[in-house]
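Undergrad: Pasting in a structure now, in structure tokens, and then I'll have a few things to ask.
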Amino acid sequence: RIPLVYDSHEYYTGVPELVNRPKVQRFWKRIESYILPRLRYVYTVNESIALLYKEEYGIDFEFIRNVPEPKRYPPRDRDLLRRDLNLPIDKKIVLLQGAGINIQRGAEEAVQAMQYLENTVLLIVGGGDVMPVLKKLVAEYQLGDKVRFEGKKAPSDLVLYTESADLGLSLDKDTNLNYRYSLPNKLFDYINAGIPVLASNLPEVRKIVEGYDIGRIAESHDPKYLAGLISEMLSDTAGATAMKSQLEKAASELN
């Protein structure tokens, strides 16, 4: 008889860790099918996941995007930020951040793409189950001078790294329902920090990136292809200038 609010921050039974373990997935499905029809206050992070739950259980989820607080300070000098963070000033910085840098999120291909890029550093800030694999790839491809691991950061520190970057990556793969309909927090963090986005072709992500014209959509995860897109975006000065106003507009609305 106690009111319960159910907040689904992802389509949990569609995550690859469960899709690849069908018995465990069925166990969670049974719990879900028992609980959800009995709840009145149900929320999720985007319209696509809300519709999935509607189709499956016939209940209406509200959705609340995981957007950041409005920016309350003027833009910080990027060179000064990089000096304070001990980051290179004379190179372009591509950022992949997140608390769940896991399998099938494009991190491996992002690391492999660095072998085709010069004067560019890939900054990985966060953690997840694929980190040991990424470190092995860095050693295998001898990318120690091109890939930096900064570990997990408190939100107040993370925003400094985000603002120091030239480009943000969001490369989750369309390999399961959870990833297909995801809308990662980092997308909004990049927008709030005023950096363009290179993102994979997922419906909710594409809606934001193309709707506000704040980046490019990658149609493939081939490392050489990704490197080409990264190079084009980093060298397109005119495009970056035009995108800056679009990012400001997006940040003023998505908060």
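The values are calculated or read from the model by the stated rules, or taken from the named source; none is laboratory data. Computed from a predicted model, the values in this text were never measured in an experiment. Counting neighbours? That spans all protein chains shown, and the Cβs are built from the backbone with ideal geometry, glycine included. Just so you know, the surface numbers come from the protein's heavy atoms only, side chains and all, with ligands and any DNA or RNA stripped out. Shrake-Rupley method; radii C 1.70, N 1.55, O 1.52, S 1.80 Å.
Undergrad: With viscosity set to 1.002 mPa s at 20 °C, what whole-number translational diffusion coefficient in µm²/s follows for the range 196-255 from Stokes-Einstein and a Kirkwood radius over Cα pairs?
TA: Here the translational diffusion coefficient equals 178 µm²/s.
Undergrad: Same structure again: May I ask for the net charge around ARG40, where only other residues with Cβ less than 13 Å from the Cβ of ARG40 are counted and Lys, Arg are +1 while Asp, Glu are -1? Present the calculation step by step, with values, prior to reporting the outcome.
TA: Values: positive: ARG1, ARG38; negative: ASP60, GLU62.
The answer is 0.
Undergrad: Counting only protein heavy atoms and a 1.4 Å probe, tell me what percentage of the chain's accessible area is made up of carbon and sulfur. The partial results should precede the final answer.
TA: Details: 6760 of 13270 Å².
The C+S portion of the solvent-accessible surface of the chain is 51 percent.
Undergrad: What whole-number value in Å² describes the accessible area per residue of the chain for a 1.4 Å probe?
TA: Per-residue value: 52 Å².
Undergrad: Once every Cα of the range 68-114 carries one equal point scatterer and solvent is ignored, give the base-10 log of I(q)/I(0) from the Debye formula at q = 0.21, 0.27 Å⁻¹, two decimals.
TA: Result of the Debye calculation: -0.95, -1.01.
Undergrad: Holding the Cα-Cα limit at 18 Å, pick out from LYS92/LYS152; LYS186/LYS207; LYS71/LYS244; LYS146/LYS224; LYS71/LYS186; LYS152/LYS224 the pairs that are longer than that.
TA: Those over the limit are LYS92/LYS152; LYS152/LYS224.
Undergrad: Can you quote the Å³ per residue value for the convex hull of the Cα atoms in the range 122-168, rounded to an integer?
TA: 77 Å³
Undergrad: Between (i) 18.6; (ii) 19.3; (iii) 19.9, which entry matches Kirkwood radius over Cα pairs in Å as derived from the coordinates of this structure?
TA: The listed entry that was calculated here is (ii).
Undergrad: Mind checking which of THR237, THR44, THR120 has the largest fluctuation in a GNM of the chain, springs on alpha carbons under 10 Å?
TA: Looking only at THR237, THR44, THR120, the largest GNM fluctuation is found for THR237.
Undergrad: What angle do you read, to the nearest 10 degrees and between 0 and 90, between the alpha-carbon axis of helix 155-164 and the longest principal axis of the chain?
TA: 40 degrees
Undergrad: OK, next. Using a cut-off of 14 Å between beta-carbons, work out the net charge of the residues near PRO22 (Lys and Arg +1, Asp and Glu -1, PRO22 not included).
TA: +4
Undergrad: Shifting gears a bit: Given Cα pairs under 8 Å that are at least 6 residues apart, what percent is the relative contact order of the chain?
TA: 19 percent
Undergrad: So which aspartates and glutamates can LYS173 reach, going by Cα to Cα under 16 Å and dropping same-chain residues fewer than 8 places off?
TA: Within reach: GLU10, GLU17, GLU108, GLU109, ASP129, GLU204, GLU219, ASP222.
Undergrad: Can I ask one more? By how many degrees, 0 to 90 and rounded to 10, does the Cα axis of helix 223-235 deviate from the longest principal axis of the chain?
TA: 60 degrees
Undergrad: In whole angstrom, how far apart do the alpha carbon centroids of the range 118-156 and the range 85-99 sit?
TA: What the calculation gives is 10 Å, centre to centre.
Undergrad: Rg(Cα) of the range 111-234 divided by 2.2 N^0.38 Å?
TA: 1.03
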